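Since the structure comes first, as structure tokens, the remarks are kept for the end.
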Amino acid sequence: MELFPRRHHVFTQSIRRLQSSWRSRARLLSSNAESTAEQILPSSLVTESLHHYVDVRAPNTLELKHADRFFASGNPRFLFSASLLRELPQKSPSPEVAFLGRSNVGKSSVLNALLNRSAQHLAHVSSRPGRTRAMNVFAVGGEGGGLRERKRVPKKGQQDEQPELERWIGRGGLVIVDMPGYGKASRSEWGEQILKYLCKRTQMRRAFLLVDAEHGLKNADADLLDILHENNVPHQIILSKVDKVLGIKSKMPSQAKLARGLKTLRQVREAVQEKLVGRPTALQTILCCSAEKSLERGKKLGVDSIRWAALSASGLECDEYGNSRVPDIGVFVNH
Ligand SMILES: Nc1nc2c(ncn2[C@@H]2O[C@H](COP(=O)(O)OP(=O)(O)OP(=O)(O)O)[C@@H](O)[C@H]2O)c(=O)[nH]1
Ligand SMILES: [Mg+2]
């Protein structure tokens, strides 16, 4: 606490509010935005037209390819779980991003898609809310990380005790934290630890807050957005499960159905945008995703853009020509 004297008051207040929102049942927020029917043909719908870039430029093809390559070649792996902030290694050398949102909003599913594990899950997914119950930590790129024996020098004449395990994170990669959800089947102590992580973890570069595109911004989401703003936590919204809103199943929907879906998506996005106005630590750019469906062959909807956003937040992005920067030594390497 003493590390944050200026924010102490806001911090304790926020914990109380977060605890209650972690329990709260929220009601649907309906957007009253006027609309015109979206005129996109189902056959010409592309993922990039669903995202809404405002304060950062949309990544180009080379940048998206760089992001995909980083995740494909970076040996995505589960490192460890932690229930308390103090269980995370304090001196980790790698940048971190976190995935937040209501329980069942699709956090773990998006993470599996990011990590190229849509078929063989790394993060546990369930249709029952409350599946993720601790901070689950994953890494892409870099080396090592996980659990290892803590180094101890045995005292003279004493027998070696049972080795103690410690959590550790290696250098040079991106660390991704899958958080327990708030709302249904959640616990207030999760909220407390998550808020501590968001406010105190110096390695944390951006929190991605998933909002269910079908249900829109709920009171609990709005409360969390207030808390992120009040505590200066860098964050960005991702609208999840957009396949459900747009009616994408094994086949594309009819043009009329797609138009209705696009209108709903726009209304949800506008409601979110309204909430973000004038908030310097909130990116105004809103991404869309589906962990289940694709518009372009071979990639889940929006996943490459989220990869790019995570790398950009962490200083692991490339330049616009696809030249990646090796962060430790600051040189450019052409692929
Ligand atoms: N249609 C559709 N279903 C999805 C999508 N993403 C996740 N789901 C489903 O939603 C349910 C919840 O997904 P999870 O990834 O476990 O959600 P979570 O946010 O991690 O949930 P908690 O760990 O309980 O907080 C599962 O049944 C998923 O199959 C999506 O993009 N589209
Ligand atoms: Mg989960």
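The values are calculated or read from the model by the stated rules, or taken from the named source; none is laboratory data. This is a predicted model, so every value here is computed, not measured. Positions of Cβ are generated from backbone atoms using ideal geometry, with glycine treated the same way; all protein chains shown enter the neighbour counts.
Quick notes
- Residues that are within 11 Å of ligand 2 (Cβ to nearest atom) and in contact with a Leu (Cβ under 7 Å, 6 or more places away or on another chain) within segment 92-109 comprise PHE99, LEU100, GLY101, VAL105, GLY106, LYS107, listed in sequence order.
- Taken over segment 105-140, the criterion of being modelled with pLDDT under 95 and buried (at least 23 other Cβ atoms within 10 Å of the Cβ) is satisfied by THR132 alone.
- In segment 267-288, the residues that are over 16 Å from ALA207 (Cα atoms) and crowded, with 21+ Cβ neighbours inside 10 Å: VAL268, ARG269
- VAL153 modelled with pLDDT of 95 or more, farther than 20 Å from ARG86 by Cβ and away from ligand 1 (no atom under 14 Å from the Cβ): no
- Residues in segment 166-199 that are among the charged types (D, E, K, R) and either closer than 20 Å to GLY130 by Cα or in contact with a helix residue (DSSP H, G or I) (Cβ under 8 Å, 6 or more places away or on another chain) (or both): ARG167, ASP178, LYS184, ARG187, GLU189, GLU192, LYS196.
- Residue among GLN193, GLN120 that is among the polar types (S, T, N, Q), more than 13 Å from ligand 2 (Cβ to nearest atom) and over 24 Å from GLN90 (Cα atoms): GLN120
- Check on PHE71, over 14 Å from the mean Cα position of the chain (by Cα), surrounded by 16 or more Cβ atoms within 10 Å (Cβ to Cβ), in a strand (DSSP E or B) and more than 10 Å from ligand 2 (Cβ to nearest atom): no
- Of all residues in segment 125-138, those satisfying the criterion of being within 8 Å of ligand 1 (Cβ to nearest atom) and farther than 11 Å from PRO180 by Cβ are VAL125, SER126, SER127, ARG128.
- Count - residues of segment 160-183 that are surrounded by 16 or more Cβ atoms within 10 Å (Cβ to Cβ), farther than 19 Å from ALA313 by Cα and touching a Pro at 6+ places or on another chain (Cβ under 8 Å): 4
- When segment 130-143 is filtered for residues that are near ligand 2 (Cβ under 9 Å from one of its atoms) and either in a loop (DSSP other than H, G, I, E, B) or on the phi > 0 side of the Ramachandran plot (or both), the ones remaining, listed by number, are GLY130, ARG131, THR132, ARG133.
- Residues being in contact (Cβ under 8 Å) with a residue 40 or more places away in the chain and either among the small types (Gly, Ala, Ser) or in a loop (DSSP other than H, G, I, E, B) (or both) - total across segment 215-248: 13
- Criterion: touching a residue at least 60 places away in the same chain (Cβ under 8 Å), out of contact with any Cys (no Cβ under 8 Å at 6 or more places or on another chain), of a type outside the set (Ser, Thr, Tyr) and more than 30 Å from LEU210 (Cβ to Cβ) - qualifying residue of GLU166, GLU149: GLU166
- Residues in segment 153-190 that are over 19 Å from PRO89 (Cα atoms) and not in a loop (DSSP other than H, G, I, E, B) were compared, and the one that is nearest to the chain's Cα centre (by Cα) is TYR182.
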